[in-house]
Amino acid sequence: MTKRIGILTSGGDCAGLNAVIRGVALRAHHGHGWTTVGIGYGTLGLLERPIAARELDPRRLDAALARQGGTFLGSTNRGDPFAYPMSDGTKKDRSGEIAQAVKELNLDGLIGVGGDGSLDILRRLFQPTGIAFIGVPKTIDNDVANTERAVGYSTAVAIATEALDRLQPTGASHDRIMVLEVMGRDAGHIAIACGIAGGADVVLIPEIEWRLAPVTRHIETMRAGGRRTALVVVAESAGKSDEPASGDDAPAHDGMGEWLAYRLARATGAEARATVLGHVQRGAEPTAEDRLLAYALGVRAVDLLAEGARDRMVAWWNRKVIDMPLEKVVGRSRTVDPDGALIRTARALGICLGDAT
């Protein structure tokens, strides 16, 4: 009897998701003779009636699909099924409806592509159903535990680096401080990587406690030496340094980048401009590295199901595809190592990290 497996994408979108889906569907069909069912909009598709799902035809999943950003299945990062917001303002546990949907789809296994939060929810949802579940890590933040790379990270770094390449000449033309705010909800992986690659002068991340004074001194020293422009990268979660309020009528700033640009302009007397990349980092044609990673992880996820595995996540470690129990992934986070290779490299290059080191 032909097996049926499902695949869904959950959480924020990123580049490389379509390559994961294609890799799963092609491996299932050509390698095992299975049928793959694509579930629309993550868990939301399993709450819809009729269920938002369709069988994927491998003949229609050509290579052009892997070049496209986003996910053609759709995704969601809202509506916790265990406390789903209802129209009357109440919250309802709808996990039972999802379990029923999985049963109605007659699935023998399920692959979920998500970040740490999504994988945690998906694991709790599908464990009671008895269905074999395999997770594939994706997040531009690259903070999923126990994998060196997550799908989407490479592309996000490439976009941020390109932004620095474009900001440098315009900053130099006007002797400005150019502040680039990049994503990184809880970790500074994008910031430190693009900062080094893009030749930033300052990089501020949540893993290193920083203050405004060392940053200001670094920029002033540069300007005194003839460098009239500066590139500053700040992770959205870097946090505002603990200097007291200036006492002036400082405007309210929602984002880290705008706040930092204002304070640097006040402290140095130079013009400062902030650029917030935001979702530009998510929606792009995936890099070759992201496509390769997506294919490798997707293929291995299918093979794990064929081996009878369940409750595991595929991962990239030491240039190999491995797998591990999801219990060693959920509820954890992989942040930037303050003593790691990239931090040491940044310091060696003279990049200011805002601390006293």
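The values are calculated or read from the model by the stated rules, or taken from the named source; none is laboratory data. It should be emphasised that the depicted structure is a prediction, and the values quoted were computed from it without experimental measurement. Note: ideal-geometry Cβ built from the backbone for every residue, glycine included; neighbour counts use all protein chains shown. The accessibility values were calculated without ligands, DNA or RNA, using every heavy atom of the protein model including side chains. Shrake-Rupley method; radii C 1.70, N 1.55, O 1.52, S 1.80 Å.
Provide the packing ranking of 233-240, 137-144, 171-178, i.e. peptides ordered by the mean count of other C-beta atoms within 10 Å per residue, highest first.
On the way: 233-240: 22.8, 137-144: 28.6, 171-178: 18.0.
Peptide ranking by packing, descending: 137-144, 233-240, 171-178.
What percent of all Cα-Cα pairs in the stretch 313-357 falls into each 5 Å bin, going from 0 up to the bin containing the maximum distance?
Bin by bin from 0 Å, the calculated values are 5, 16, 18, 17, 13, 12, 11, 8, 0.
Using a 1.4 angstrom probe with every protein chain in place, what is the largest-first accessible-area order of TYR84, TYR295, TYR153?
Accessible-area ranking of TYR84, TYR295, TYR153, largest first: TYR295, TYR84, TYR153.
Ordered by residue, what ³J(HN,Hα) values in Hz, to whole numbers, does the stretch 30-41 give under the Karplus form 6.51 cos²θ - 1.76 cosθ + 1.60, where θ = phi - 60° and Gly and Pro are x?
6, x, 10, x, 9, 9, 10, 10, x, 9, x, 6
How big is D for the stretch 75-166, in µm² s⁻¹ as a whole number, if Stokes-Einstein is applied with the Kirkwood radius of its Cα pairs at 25 °C and 0.890 mPa s?
Answer, rounded: 161 µm²/s.
Just check the stretch 2-57 against the gyration tensor rule for me: Cα atoms, a ≥ b ≥ c as the square roots of the eigenvalues, rounded for a/c under 1.5, and otherwise prolate or oblate depending on whether a/b exceeds b/c.
Values: a/c = 3.04, a/b = 1.26, b/c = 2.41.
Note, shape of the stretch 2-57 comes out oblate.
What whole number of Å gives the distance from the Cα centroid of the stretch 49-125 to the Cα centroid of the stretch 320-339?
For the stretch 320-339 versus the stretch 49-125, the Cα centre distance is 23 Å.
Extending each Cα 7 Å along its Cβ direction at ASP62 and HIS279, get the distance between those two points in nm, one decimal.
Rounded to a tenth, the inter-label distance reads 2.9 nm.
Output wanted: per-residue J couplings in Hz (rounded whole) for the stretch 301-318, from phi through Karplus 6.51 cos²θ - 1.76 cosθ + 1.60, θ = phi - 60°, x for Gly and Pro.
4, 5, 5, 4, 4, 5, 7, x, 6, 7, 6, 9, 10, 7, 8, 10, 8, 6
Report, to the nearest 10°, how far helix 153-174 tilts away from the longest principal axis of the Cα atoms in the chain, using its own Cα long axis and a range of 0 to 90°.
20
Tell me, what is the percent relative contact order of the chain, built from C-alpha pairs under 8 Å that lie six or more residues apart?
Relative contact order here is 23 percent.
What residues qualify as long-range amide H neighbours of LYS92, i.e. H under 5 Å apart, gap of 5 or more or another chain, H built at 1.01 Å from N?
TYR84, MET86
When ligands, DNA and RNA are left out and all protein chains stay put, how many square angstrom of accessible area per residue does the stretch 1-125 have with a 1.4 Å probe? Mind showing how you got there, number by number?
Numbers: 5530 Å² over 125 residues.
Ligands and nucleic acids excluded, the figure is 44 Å² per residue.
Using unit Cβ charges (K, R positive; D, E negative) and no other charged atoms, how large, in debye to the nearest 20, is the dipole of the stretch 11-141 about its Cα centre? If you can, show how the numbers build up before the last one.
Details: 15 positive and 14 negative charges, 40 e Å.
About 200 debye.
Dipole magnitude of the chain about its Cα centre, charges +1 at Lys/Arg Cβ and -1 at Asp/Glu Cβ only, in debye to the nearest 20?
For this selection, approximately 860 debye.
To make sure I understand the rule: partners must be lysines, Cα under 20 Å from the Cα of LYS138, and not fewer than 8 residues away in the same chain. Which ones qualify?
Counting by Cα, and skipping residues close in sequence, LYS138 has these lysines nearby: LYS320, LYS328.
List the relative contact order of the stretch 256-357 as a percent without decimals, with contacts defined as Cα pairs under 8 Å and 6+ residues apart.
Worked out over the stretch 256-357, it gives 12 percent.
With only alpha-carbon atoms counted, please give the Rg and Dmax of the stretch 49-89, in Å.
Values for the stretch 49-89 (Cα only, Rg and Dmax): 15.5, 45 Å.
For helix 95-104, what angle does its Cα long axis make with the longest principal axis of the chain, in degrees from 0 to 90 and rounded to 10?
On a 0 to 90 degree scale, this one is about 50.
More than 23 angstrom separation, counting every C-alpha pair in the stretch 1-159; what % is that?
Values: 4506 of 12561 pairs.
Pairs farther apart than 23 Å: 36 percent.
Mind pulling the angle between the C-alpha long axis of helix 212-224 and the longest principal axis of the chain? Nearest 10 degrees, somewhere in 0 to 90.
Compared with the principal axis, the helix lies near 60 degrees.
Restricting to DSSP H runs of at least four residues, report the calculated mean residue ellipticity at 222 nm for the chain, -39500 (n - 2.57) per run over all residues, nearest 500 deg cm²/dmol.
Rounded to the nearest 500, it is -10500 deg cm²/dmol.
List the residues, sorted by chain then number, that are 5 or more residues from THR275 or on another chain and whose placed amide H is less than 5 Å from its amide H.
VAL179, LEU180, GLU181
Using amide H atoms built in the peptide plane, which far-off residues or other-chain residues are under 5 Å from VAL151 H to H?
Result for VAL151 returns LYS138, THR139.
Order the peptides 279-289, 125-135 from the highest to the lowest mean number of other Cβ atoms within 10 Å of their residues.
Result, highest mean first: 125-135, 279-289.
When only Cα pairs under 8 Å and 6 or more residues apart are kept, what is the percent relative contact order across the stretch 130-219?
Computed value for the stretch 130-219: 25 percent relative contact order.
Convert 4 °C to kelvin, take the viscosity as 1.567 mPa s, use the Kirkwood radius over C-alpha pairs of the chain as Rh, and evaluate the Stokes-Einstein diffusion coefficient in µm²/s, rounded to a whole number.
Calculated translational D: 60 µm²/s.
What is the percent of Cα-Cα separations in the stretch 116-235 that go past 18 Å?
Details: 4196 of 7140 pairs.
Above the 18 Å cut-off, the stretch 116-235 has 59 percent of its Cα pairs.
Which three semi-axes in whole Å describe the equivalent ellipsoid of the stretch 262-357, each the square root of 5 times a Cα gyration tensor eigenvalue, listed largest first?
39, 19, 14
What share of all Cα pairs of the stretch 185-330, in percent, falls into each consecutive 10 Å distance bin?
Distribution as computed: 9, 29, 26, 17, 13, 5, 1 percent.
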